[in-house]
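Bear in mind these aren't lab numbers, they're just calculated from the coordinates by the rules spelled out. This structure is a prediction, so every number in the text was calculated from the model and none was measured. When we count neighbours, we look across all protein chains shown, and the Cβ atoms used for this are built from the backbone with ideal geometry, even at glycine.
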Amino acid sequence: QVQLVESGGGLVQAGGSLRLSCAASGSTFGINHMGWHRQTPGKQRELVAVITNGASTNYADSVKGRFTISRDNAKNTVYLQMNSLKPEDTAVYYCTVRVLRIEGSFPRSYDYWGQGTQVTVSS
């Protein structure tokens, strides 16, 4: 199993910045995609950003140009640098990790989620 520990959330004024970190531990071999989702009350959880093992990235349109996802494979850690924060960015942010392992003759993917960290952006 994989455990994800998130940090970096908090309260920030609009226009400010936060840097979220998520460190994976446990059975971390085979980590492939790493990313971030967010959720606000009454809304579906949405993808914010994802980074592949090959460092390709994908962002939600709402955060492009403001957020940057990165990873440190040696530390099994994924980061989300959030700049120019807006009140609408307020949400619980969840670290997500996809693990790919070969079991028998077949690859199998497992998805893990962090506990979430609150980001609140005030006007």
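General observations
- Between F106 and A14, full extension at 0.36 nm per residue minus the direct alpha carbon distance yields a gain of 28.4 nm.
- Segment 1-55: trypsin sites (Lys or Arg not before Pro) in DSSP coil with no more than 15 other Cβ atoms inside 10 Å: K43, R45
- Proximal aspartates and glutamates relative to K64, as straight alpha-carbon distance under 15 Å, when same-chain residues fewer than 8 apart are discounted: E46, E88, D89
- In plain terms, the chain from A74 to T57 could stretch by 4.3 nm, reckoned as 0.36 nm per residue minus the Cα-Cα distance.
- Taken about its Cα centre, segment 26-92 carries a charge dipole of about 40 debye when Lys and Arg each add +1 at the Cβ and Asp and Glu each add -1 at the Cβ.
- Put simply, the amide H of G16, placed in the peptide plane, has neighbours under 5 Å in L85, leaving out anything fewer than 5 places away on its chain.
- Vicinal HN-Hα couplings computed from phi for segment 27-33 (Karplus, 6.51 cos²θ - 1.76 cosθ + 1.60; Hz; Gly/Pro x): 7, 8, 5, x, 4, 10, 6
- Dipole magnitude of the chain, debye to nearest 20 (Cβ charges: Lys/Arg +1, Asp/Glu -1, about Cα centre): 80 debye
- Highest-MSF residue in the chain out of S70, S62, S105 [GNM, Cα springs under 10 Å]: S105
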